[in-house]
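Structure, as structure tokens:
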Amino acid sequence: MRLFLRILLFLVLAFGLLFAGLYLTSDAEPLPATVTDDPELPAIEVAGVRLHARQFGRSDAPAIIVLHGGPGADFRSLLPLRALEDRWHLVFYDQRGAGLSERVEADQLTLDHYVAELDAIVRAQDGPVVLIGHSWGAMLAHAYAGQHGEALSHLVLIEPGFLSAQEQADWTARAGDFMGGPGMIWHGLRAGIAALHLDGPDDDATMDQTWGQMVGRFANAEDNPYHCPVEAFDSPTWRFGAVASQAAGRTQPEDLDQLSAGRDFAGPVLFLTGACDSWLGRPLQEPRLGDYANARLVDIPRAGHDVIDDQPQAALAAIRSFLREN
């Protein structure tokens, strides 16, 4: 019994010293406030939730709505698409619970809530709109197209991760190669302790900071093709939404199957992929083309998963050509 108590005491002291050492030698970059606390941020209100949003171009031009990845990320890395404002009205927004938008409870972060939120923004535009979605945003755009295809003119899908419950299971199995192990545990411990230095700006800051660091670690895993070899996945972000990301992981299979509905969309569809991404790029997207009435794929050289930030000029050229020719 004495030996057990000594071992327990030693472990407690060792962990305490480790915690103290990590805390004293770590720091965390301050997080920006959300639209809830910063009235200077441009915002719109949808279904009682304040969303960080920016709009560019003439209001009477055809509209393009841009959907970021995650769930939980933000539209900052997609801002190169602003160059399309010469011919279109661009609407960027951080989805509920993500980026700099208002934080909401997990039960308000279902696929149905995201689709309803997007529908309200689409219906506020004049005439059919173009949806450009990246990663999770492409999945959301696909689900929306299956339910409200009449409201859309074109669909641009930048490396959607999965479009059914079975594909989600496949994605999760592959993601496990980059998310487990002692390295990830150690990184999570360090990130969590460093985030304790944050003094606000709100109650979600500590978890948002920690979760964002973990997602960054996953995306930058050495063998993860989210980025080109010897390059970093370092696309700019404002702030990650931890609860939004965690809620997505609890989505039920029957809800995930709503994602597949977009195959019924009869309008033109562009799949945009990064040539470096052997996971969510051409190998995954090209076999999907036959499921659509009018679909094409453009593979962007020297780009990883974050195609727009990696190669903005080539991506913009592909999108302009697609919108002009269809």
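The values are calculated or read from the model by the stated rules, or taken from the named source; none is laboratory data. Only a predicted model underlies this, so the values are computations on that prediction, with no experimental measurement involved. Virtual Cβ from ideal backbone geometry, glycine too; neighbours counted across all protein chains shown. What goes into the accessible areas is simple: the full protein's heavy atoms, side chains included, and nothing from ligands, DNA or RNA. Shrake-Rupley method; radii C 1.70, N 1.55, O 1.52, S 1.80 Å.
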- Query: Within the stretch 57-102, how many residues are in contact with a strand residue (DSSP E or B) (Cβ under 9 Å, 6 or more places away or on another chain) and modelled with pLDDT under 95?
  - Reply: 3
- Item | Check on Arg6, at pLDDT 65 or above and basic (Lys, Arg) | no
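For (1) closer than 23 Å to Ala141 by Cβ; (2) open to solvent by 10 Å² or more (accessible area, probe 1.4 Å), each residue gets a yes or a no:
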residue	(1), (2)
Thr206	no, yes
Ala261	yes, yes
Leu272	yes, no
Pro283	yes, yes
Val298	yes, yes
Val307	yes, no
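Among the residues of the stretch 290-308 satisfying the criterion of being free of Cβ contacts under 8 Å to residues at least 40 places away in the same chain and assigned to a helix (DSSP H, G or I), which is nearest to the chain's Cα centre (by Cα)?
Initial filter on the stretch 290-308 (free of Cβ contacts under 8 Å to residues at least 40 places away in the same chain): 290-301.
Still in the running and assigned to a helix (DSSP H, G or I): 290-291.
Values: Gly290: 26, Asp291: 24 Å.
The residue in question is Asp291.
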- Query: Looking at Leu140, Leu155, which one is touching a strand residue (DSSP E or B) at 6+ places or on another chain (Cβ under 6 Å), of a type in the set (A, V, I, L, M), open to solvent by less than 10 Å² (accessible area, probe 1.4 Å) and not in a helix (DSSP H, G or I)?
  - Reply: Leu155
- Query: Of all the residues that make up the stretch 272-326, how many are of a type in the set (S, T, N, Q) and more than 25 Å from Trp171 (Cβ to Cβ)?
  - Reply: 4
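In the set Cys228, Cys276, which member is assigned to a loop (DSSP other than H, G, I, E, B), farther than 21 Å from Ala141 by Cα, open to solvent by 20 Å² or more (accessible area, probe 1.4 Å) and of a type outside the set (Asp, Glu)?
Numbers: Cys228 fails: open to solvent by 20 Å² or more (accessible area, probe 1.4 Å).
Selected residue: Cys276, the only one of Cys228, Cys276 that is assigned to a loop (DSSP other than H, G, I, E, B), farther than 21 Å from Ala141 by Cα, open to solvent by 20 Å² or more (accessible area, probe 1.4 Å) and of a type outside the set (Asp, Glu).
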- Query: If we keep just the residues of the stretch 38-66 that are within 18 Å of Glu85 (Cα to Cα), in a strand (DSSP E or B) and not small (Gly, Ala, Ser), which is most open to solvent (accessible area, probe 1.4 Å)?
  - Reply: Gln55
- Scanning the stretch 161-178 residue by residue, those farther than 18 Å from Asp74 by Cβ and not in a helix (DSSP H, G or I) turn out to be Phe162, Leu163, Ser164
- Would you point out which residue out of Ala124, Ala120, Ala145 is under 24 Å from Asp299 (Cα atoms) and either open to solvent by 10 Å² or more (accessible area, probe 1.4 Å) or modelled with pLDDT of 95 or more (or both)? Ala145
